[in-house]
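Below: one structure, written as C-alpha cells.
None of the figures in this text is laboratory data; all of them are computed from the coordinates on show. Values in this document were obtained by computation on a predicted structure and should not be read as measured data. No Cβ is skipped: glycine too gets one built from the backbone with ideal geometry, and neighbour counts run over all protein chains shown.
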Amino acid sequence: MHRAWKALRYSSVGVAFVGIISFLQGCSQDDMNLALILALIFGLFGQHPVTLTVEGTNSIFISSGSGTVSDTEGLIDCFVTSAFAGPSTTTGDCSETVPFGTVVELNAVPNDDFDGWLDCDEPSGTTCTMTMDEDKTVFADFGD
C-alpha cells in the first residue's frame, strides 16, 4: 500500500487526489485498496508519454519545396523537404516525446511556399496546434 500511495502522490495528475487519499486513511484497508484500484482503472495516476513526429509530404501533383518546422518550446526543430514524385526527407529534431495531454504549437517557415498541414488537429496558416492524446505524426507540405 505504501508503494501505491507514493506512486499516486508523485504522479502528475495524482497531486489533486492527495486530499481524497488522506481522507481515506481513516477507512479500512479494504476501502483503501478499492479506492486505489478504482484510481488505477480510471487513470488517476497520470498518462504515459506520447510522441509527436514531423514529416514532409510526397506528391506526384505538386512541386517540391523545403522549410523548417519548430515548436514554441524549442523541442522540435526540423528541416523538411517535401518531395515531387519521391520520398520526403527530414533532418534535425523531428520527433519529441511529451507528457500525455500536452498541447504543442508548431510553426512552419517555408523557404518558398507553404501549402499546408496534413493530419494536424488545428491547422491555421503556417501554425499547427496538436493536442497530444496519442502518438501522432503531422505532415508539413512545402512547395516552391
* How far is it, in nm, from the label point at PHE100 to the one at ASP30 when both lie 7 Å from their Cα along the line to the Cβ? -> 3.0
* Enumerate by residue number the GluC sites (Glu not before Pro) in segment 80-144 meeting two conditions: DSSP loop (anything except H, G, I, E, B), and at most 13 other Cβ atoms within 10 Å of the site's Cβ. => GLU134
* To do: Please give the residues of segment 80-109, grouped as numeric ranges, whose backbone N is less than 18 Å from a label point set 7 Å along the Cα-to-Cβ vector of ASP121.
  => 95-108
* State, as an integer percentage, the relative contact order of segment 50-143 based on alpha-carbon contacts under 8 Å between residues 6 or more apart. => 37
